[in-house]
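The values are calculated or read from the model by the stated rules, or taken from the named source; none is laboratory data. Just so it is clear, the structure is predicted and the values come from calculations on it, not from any experiment. Positions of Cβ are backbone-derived with ideal geometry, glycine not excepted, and every protein chain shown enters the neighbour counts.
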């Protein structure tokens, strides 16, 4: 990997909604990227919402100790409609930003409708005005050259758009997810007018930003095709990644139970049941199988799965370090993305954490997806469609179980390819994007 000679004069302001004590994968990209950039000599300033004003799907206070001390963090306060909705709806607030499922209550559907008409592009926009004012002060006092806005929530990019109009900065819009093509967008009950306004905001950001970074090739293609061909040179890919050393010489350890592990948010629209059914079919011949699920899941959906699949163990939310430790001791890792070929560019951030473990990965998704391409390149696992590949899925699971009982070597990863996703390397890639803007 090529090392970057970092000019110490680079000054970066990162504007992000998700920051410790927020937990989950949403915070990992820039928590770690900011630390690596700071170690390379970049002056990193972070502007985020005060935790007292924020609403995070998950909390992981341990991540506060993972912030690089060289990174200077500022907070702003603001009204947050999620707090009010939480008081009214309790645990019924959907995880995907007020996107209601088909069977949701009329009250929840009403809240979703309000969300999509009064809060465009999303309810977390209520901190934008305070964030713009705070960002202008930081830019002026510190001589900031580069501003990065990272989404979701997509409304954070409107902060960058506003700053670009009043300050001489280079602005990078970093997309961890699509905007109007996000997998739950159709559930947000947009009207023709609100959808038009949302798309207009999206296009303004894509056309105005000095650079647009996407975390996958699929997302880059999706976003860049919204602008004119002459405007597409500024679109690039900087993937997510992983920290820590790789487990290269992993061998199966014989034990009482063969454990599959899934970590992260699990929602019904993922249709993960195709994999659970495979395990059910094999359970008579291989009774000592369990599936460990660590992460956020709605109570009704968890109850449904518990009734149907007694081999699933629900751990609830776990601290990030505990999740990483559990991944390394699992016998196989389960990954699933949104259902539908239009989501082929979705690469869950936990894939990169999975890769470093050397543990075989089973991905439930499209064979022509970005995830499938990464698994194939890294020799790290197999991809199976939800429908039509039941026999192939069963056969692969049987092969994993037999290798386990025989004590065979588990890891066959191509570590040269895997290491391209180390966060230090990813940070160097992002630094190149910044340096190229400063030269213009």
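Summary of computed values
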quantity	calculated
Failed criterion for residue 193 (all others in (1) within 26 Å of the chain's Cα centre (by Cα); (2) surrounded by fewer than 15 Cβ atoms within 10 Å (Cβ to Cβ) hold)	(1)
Single residue of segment 353-369 satisfying the filter (surrounded by fewer than 24 Cβ atoms within 10 Å (Cβ to Cβ) and out of contact with any strand residue (DSSP E or B) (no Cβ under 6 Å at 6 or more places or on another chain)) that is nearest to residue 261 (Cα to Cα)	358
Residue match in segment 236-258 (condition: surrounded by fewer than 19 Cβ atoms within 10 Å (Cβ to Cβ), modelled with pLDDT of 90 or more, part of a loop (DSSP other than H, G, I, E, B) and not assigned by TED's automatic domain parsing to the domain that holds residue 284)	no
Top-ranked residue of segment 8-39 - restricted to ones that are more than 21 Å from the chain's Cα centre (by Cα) and at pLDDT below 95, ranked as surrounded by the fewest Cβ atoms within 10 Å (Cβ to Cβ)	8
Test: residue 157 is buried (at least 24 other Cβ atoms within 10 Å of the Cβ) and either on the phi < 0 side of the Ramachandran plot or in contact (Cβ under 8 Å) with a residue 40 or more places away in the chain (or both)	yes
Candidate set from segment 41-56 (those that are crowded, with 19+ Cβ neighbours inside 10 Å and outside any strand (DSSP E or B)); member that is modelled with the highest pLDDT	42
Any hit, segment 95-117, residues being in the same structural domain as residue 52 (by TED's automatic domain parsing), buried (at least 18 other Cβ atoms within 10 Å of the Cβ), modelled with pLDDT of 85 or more and assigned to a loop (DSSP other than H, G, I, E, B)	no
Residue check for residue 428: surrounded by fewer than 21 Cβ atoms within 10 Å (Cβ to Cβ), in contact with a strand residue (DSSP E or B) (Cβ under 8 Å, 6 or more places away or on another chain) and part of a helix (DSSP H, G or I)	no
Which listed residue, of 278, 283, is farther than 22 Å from residue 176 by Cβ and out of contact with any helix residue (DSSP H, G or I) (no Cβ under 6 Å at 6 or more places or on another chain)	283
Hey, residue 404 closer than 28 Å to residue 282 by Cβ, outside any loop (DSSP other than H, G, I, E, B) and either at pLDDT 95 or above or outside the structural domain of residue 324 (by TED's automatic domain parsing) (or both) or not	no
